[in-house]
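FYI, it's all coordinate maths here, none of it is from the lab. Please read all numbers here as calculations on a predicted model, not as lab measurements. Positions of Cβ are generated from backbone atoms using ideal geometry, with glycine treated the same way; all protein chains shown enter the neighbour counts.
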Ligand code: N01
């Protein structure tokens, strides 16, 4: 329960408050400290790690290669840390986050088990008043959110949810002690990345597994494997150049890609290239041609290639057809698997198509689809997140004139560069909607934003400025630019969390910036070199 503001006094007066101790909040804290600012991070969980603290479901791992999904700011750090696999499992990423916190002595500036409930801008002082669920009231010049893009779990409000006598889990809020499904009858709802990673492992333990699929997803093999010392050493020897190469790519990753269209080659060559990328494994499958997310004809060649793979792997033709997505590959986020399709060949695993007839309600013993009851002991909701805006809008953020962020974003998020919001001065949103975030290497994105923010704060300090706010013109132009380039991509052509379509009633706005990491980098630099163009700075 929030303690009323009137009954509180300030518990601290700081230069900056940072919300969240995931990779974004940790690095932001380090930069603030290095630059001589008083700051504190507030974190709901009892440890660092963000996404990797909460998501502990079986099979959870990063489907971005571990040598790249790691901080780049410290060469000592990247030289001393040894990733064990091509794709790091969740416990190892969490161990890495803890290592970073200890190595850079970050914990002393992080307040755990403390949620930020409200932040209010005071126009008289140009400072934020931040209130926590523990009753603290903090005054800060800057309010910096590092809340992640996929951190607010979407637990569907199935009718009669409370009637179910078994256990309901959400992949994004997994019990820390783990769950033993041995001998249990399990239902998994949802076939996005979390479902696709967890289903093969849940199937290994459970007595029976029903997978409830609303929309089939495109999945390519991850081809995970242990990393051998020579491979690690080769990357480490060339890390700076490889990171630079990554930053020059739209995704912020370095990987093999081709710079020609799928329609520039004949059928045999196209097939050969698809096979090559399929065998290599991973999300870089979409790099096989340069127009897969632009040209529907090119996209369809890749989509059909994957459908044919599914038809070959899954033995029951009816199940295979249900698992073969009909829409655009890469529109919903591509998934990478280890044995997902093979799992449906097991006799105790059944796919339930709920595309036409949804889960109508829960019962004491399971769930109903149409007239059929599926009796289970456990229900796993791999149903995703209120992405991009959920964690920001959960806080009661009040800007100029007491206007809430919820009100301002009633019809979808509006920001300048995904960093600043008109009407919310001295607030910065790390990987906020309108920045590349989920379309790029998230760790490079948080480093980029934190560096930019601290650079801006240094400029303000040098110039004795007290207030920075995005201008309405800059915000409008950025929102329009986002819309235009989003419309030009096939990624905006289906129902996805990028658009907010997974949350009933959420405005359908394509939220991440799809222009690519290097172009975005230029835009950030341009703003700085033109005296923070697009922002109004004042004393
Ligand atoms: O969530 P999702 P996720 N009834 O939204 C279904 C990142 N991530 O947690 O498609 C029935 O993708 C929903 O159906 P539909 C990654 O960016 C990364 O799997 O909306 N079904 C869908 O099948 C990823 O994209 C890693 O028709 C319902 C599923 O639930 C993002 O997180 C690992 C439903 C949700 O899929 C989200 O992934 C894991 C309902 N009421 C996740 N509501 C890495 O490896 C939803 N669904 C880095």
Nearest 5 percent is fine: what portion of the DSSP beta bridges confined to the chain is antiparallel? 40 percent
Rough spin-label spacing in nm, given labels placed 7 Å along Cα→Cβ, for residue 528 and residue 233: 3.7 nm
Can you give the direction-averaged projected area of the convex hull of the alpha-carbon atoms in region 1-90, in nm²? 8.3 nm²
To the nearest 10 degrees, how steep is helix 23-34 against the longest Cα principal axis of the chain, on a 0 to 90 scale? 20 degrees
Roughly how far apart, in whole Å, are the Cα centres of region 201-251 and region 341-399? 24 Å
Ordering of 99-106, 41-48 by packing [mean C-beta count within 10 Å, highest first]: 41-48, 99-106
In nanometres, what is the gap between the two model label sites at residue 11 and residue 269, each 7 Å from Cα along Cα-to-Cβ? 6.5 nm
Show me 504-512, 530-538, 137-145, 260-268 ranked by packing, highest mean number of other Cβ atoms within 10 Å first. 137-145, 504-512, 530-538, 260-268
Over all Cα pairs of the chain, how is the pair count split among 10 Å bins, expressed in % and running from 0 up to the last occupied bin? 4, 18, 28, 27, 17, 6, 1, 0
Do the sum for the chain: with -39,500 (n - 2.57) for every DSSP H run of n ≥ 4, divided by all residues, what is the mean residue ellipticity at 222 nm, to the nearest 500 deg cm²/dmol? -9500 deg cm²/dmol
By average Cβ neighbour count within 10 Å, what is the ranking of 51-62, 151-162 from highest down? 51-62, 151-162
Give me Rg over Rh for region 242-281, both radii from the alpha carbons and Rh done the Kirkwood way, two decimal places. 1.08
Would you mind computing, in nm to one decimal, how far apart the modelled labels at residue 248 and residue 225 are, each placed 7 Å from Cα along Cα→Cβ? 2.7 nm
Given a Förster radius of 22 Å and the C-beta distance between residue 459 and residue 38 as r, what FRET efficiency does 1/(1 + (r/R0)^6) yield to the nearest 0.05? 0.75
If you take every DSSP beta bridge fully contained in region 3-146, what fraction is antiparallel? Give it as a percent rounded to 5. 45 percent
Just the Cα atoms of region 224-266: what Rg and Dmax do they give in Å? 14.2, 40
Given R₀ = 22 Å, FRET efficiency for residue 363-residue 316 by Cβ-Cβ distance, to 0.05? 0.20
Taking Cα atoms, the helix 90-103 axis meets the longest principal axis of the chain at an angle in degrees (rounded to 10) of 20 degrees
Volume per residue of the C-alpha convex hull in region 412-539, rounded to whole Å³: 98 Å³
Pull out the extension gain between residue 102 and residue 139, defined as 0.36 nm times the separation in residues minus the alpha carbon to alpha carbon distance; nm, one decimal. 10.6 nm
At 4 °C in a medium of viscosity 1.567 mPa s, region 394-446 has a Stokes-Einstein diffusion coefficient, with Rh taken as the Kirkwood radius over alpha carbon pairs, in µm² per second, of 110 µm²/s
Pull out the extension gain between residue 240 and residue 295, defined as 0.36 nm times the separation in residues minus the alpha carbon to alpha carbon distance; nm, one decimal. 16.4 nm
One can check that the equivalent ellipsoid of region 129-251, built from the alpha-carbon gyration tensor with semi-axes equal to the square roots of five times its eigenvalues, has lengths in Å, largest first, of 34, 30, 15
Can you tell me the 0 to 90 degree angle between the C-alpha axis of helix 517-529 and the longest principal axis of the chain, rounded to 10? 10 degrees
Here the FRET efficiency for residue 371 versus residue 493, based on Cβ atoms and R0 = 25 Å and rounded to 0.05, is 0.15
